[in-house]
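**Student:** Once you've had a glance at the structure underneath, I'll fire off some questions.
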Amino acid sequence: QVQLVEYGGGLVQAGDSLTLSCTASEPDYNMGWFRQAPGKERVFVAAIARSGISTNYAYWVKGRFTISKDSAKNTVYLQMNSLKPEDTAVYYCAAKRAPFFGDYADKVAYDDWGQGTQVTVSS
């Protein structure tokens, strides 16, 4: 089981930027970011293949977020720009052991999860 630790959440104003980090205890996983707002289901935000070459985003990201990785640090980042109040949620990173990347948006495909980090965007 890979251990995942997220960093970088906080309270920001609408229009601000924030970068989340997720460090894994082991390398070479497909990684994803999900978020869960109060009273709502956990939903897909972005994913990056273990190679770092393929990335995918939820349609509503619309160019505002960028996922990247630093393989030397076993760390995945989520750069979030132009934040909106509706982006307020707990953000989770997740690791997927299987090499298949086609199910990147399916939370049940991920094996291990971080503890989550709160992002609050004020208007």
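The values are calculated or read from the model by the stated rules, or taken from the named source; none is laboratory data. What you see is a predicted model, and the numbers here were worked out from it, not measured in a lab. Please note: Cβ atoms are built from the backbone with ideal geometry, for glycine as well, and neighbour counts cover all protein chains shown. Remember, those area values only see protein heavy atoms, side chains included, never the ligands or the DNA or RNA. Shrake-Rupley method; radii C 1.70, N 1.55, O 1.52, S 1.80 Å.
**Student:** Picking from Gly15, Gly8, Gly32, which residue would you name as being touching a Phe, Trp or Tyr at 6+ places or on another chain (Cβ under 9 Å), touching a residue at least 12 places away in the same chain (Cβ under 8 Å) and under 14 Å from Val121 (Cβ atoms)? Quick ask: steps written out before the conclusion?
**Tutor:** On the way: Gly15 fails: touching a Phe, Trp or Tyr at 6+ places or on another chain (Cβ under 9 Å); Gly32 fails: under 14 Å from Val121 (Cβ atoms).
Exactly one residue qualifies, and that residue is Gly8.
**Student:** Could you list, ordered by first residue, the pairs with Cβ atoms under 6 Å in which the first is in region 100-113 and under 12 Å from Asn56 (Cα atoms) and the second is of a type in the set (A, V, I, L, M, F, W, C), at least 6 apart or interchain?
**Tutor:** Qualifying pairs under 6 Å: Phe101/Ala49; Asp103/Ala109; Tyr104/Ala47; Ala105/Phe44.
**Student:** Here's a follow-up. Filter region 57-68 down to the residues that are open to solvent by less than 60 Å² (accessible area, probe 1.4 Å) and at pLDDT 95 or above and list them by number.
**Tutor:** Across region 57-68, the qualifying residues are Ala58, Arg64, Phe65, Ile67, Ser68.
**Student:** Please tell me if Ala72 is free of Cβ contacts under 8 Å to residues at least 40 places away in the same chain, more than 14 Å from Gly114 (Cα to Cα), open to solvent by 50 Å² or more (accessible area, probe 1.4 Å) and not in a loop (DSSP other than H, G, I, E, B). Please lay out each step first, then the result.
**Tutor:** Values: free of Cβ contacts under 8 Å to residues at least 40 places away in the same chain: yes; more than 14 Å from Gly114 (Cα to Cα): yes; open to solvent by 50 Å² or more (accessible area, probe 1.4 Å): yes; not in a loop (DSSP other than H, G, I, E, B): yes.
Yes; evaluated as a whole, the condition is true for this residue.
**Student:** What is the number of the single condition among (1) over 13 Å from Val43 (Cβ atoms); (2) modelled with pLDDT of 95 or more that Arg97 does not meet?
**Tutor:** Going through (1) over 13 Å from Val43 (Cβ atoms); (2) modelled with pLDDT of 95 or more one by one, Arg97 breaks only (2).
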